[in-house]
Each structure stands twice: as C-alpha cells, then as structure tokens.
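What follows is a set of notes on a single structure, which appears directly below.
The values are calculated or read from the model by the stated rules, or taken from the named source; none is laboratory data. The structure displayed is predicted, hence computed values, not measured ones. Cβ placement follows ideal geometry from the backbone for every residue including glycine, while neighbour counts extend to all protein chains displayed.
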C-alpha cells in the first residue's frame, strides 16, 4: 500500500552543526537512541552522519573524536533526500539505487524535518516482518562508562 513519507518518518530528528565534534555527536546518538544525526548549517541540510561514518571515517582512520568535526566525516552534500509528500515506494527506490538505509526528509528547499529509515518502510509495508519487529524492539542499553560493573 502506498503511503506518504510524513506518515512513516521519524520527525524531529537529532541535528548538529558541521563544527560539532564526533565525540559530541556520538554521545547525542547514544542519548537519543538513534543511529544517525542530521548535519545542518543555518537550518539547511549539510550532510548526514551515521554511526557507520563515525567508525569508518573517524575511529578506523585513527582520528581523535574529540578533535574531529562531523563536517569532515559525514556523508557530504549532495545528500539524497525525500520530501514529506513523497511515497514510500520512492523512498525504497532511492534507498536501493543509492545503497543507503536512511534518508533525510526535507521541505521548503532543504529544511530538514525528519528521517525515514529502512526499518520505517518495513514497519509501514509489513508490520509483521522480521525487519519491522527488529525496528520496533527496544534497544540494548549499555551501561555508561561511569557505571561500575556488577561483579
């Protein structure tokens, strides 16, 4: 069944500016329980930073997350985006064509308003699918580095 992106997207996505450190963005991801943050500048989309970007473009390259900016490791412009009135079929096609699992949702020429993920599409198209179940499940919560172990 065709649905509009506004019906399935995660609104009010977490956003940071390009000069934010990777360490700060990673903490925000943990606090907000998300795998990506929008990188914005003056309310316009600059890029998308995923947990994978942090690992591959920062940590694996030996860059210090406290000194590395998200603008230097995020998926750079042009970022593939959707608008709230686009269809879920268009989202699936763009994800397939560009081999991505998440797409920023923008309106009014580039103002970010949310993110749609592969899991969002799975839950919308087939709420009983394995991917939908995984996407809806509560995440594992790791103790913070300040908590003492239980042993």
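Descriptive notes on the structure:
- Of all residues in segment 14-24, at least one satisfies being exposed (fewer than 13 other Cβ atoms within 10 Å of the Cβ) and modelled with pLDDT of 95 or more.
- In summary, helices (runs of 4 or more DSSP H) completely within segment 60-151 and bearing 2 or more residues that are modelled with pLDDT under 90 and surrounded by 10 or more Cβ atoms within 10 Å (Cβ to Cβ) occur at 118-125, 130-136.
- The residues on offer are 88, 81, 40, and the sole one that is within 16 Å of residue 4 (Cα to Cα) and touching a residue at least 40 places away in the same chain (Cβ under 8 Å) is 88.
- Residues in segment 45-59 that are surrounded by 14 or more Cβ atoms within 10 Å (Cβ to Cβ) and farther than 23 Å from residue 123 by Cβ: 45, 46, 47, 49, 53, 54, 57, 58, 59.
- Screening segment 28-44 for residues that are closer than 16 Å to residue 9 by Cα and buried (at least 20 other Cβ atoms within 10 Å of the Cβ) and picking the one that is farthest from the chain's Cα centre (by Cα) gives 38.
- Scanning segment 38-48 for residues that are more than 16 Å from residue 105 (Cβ to Cβ) and part of a strand (DSSP E or B) yields one hit, 41.
- Members of segment 1-37 found to be part of a strand (DSSP E or B) and under 28 Å from residue 85 (Cβ atoms), listed by number: 4, 10, 11, 15, 16, 36, 37
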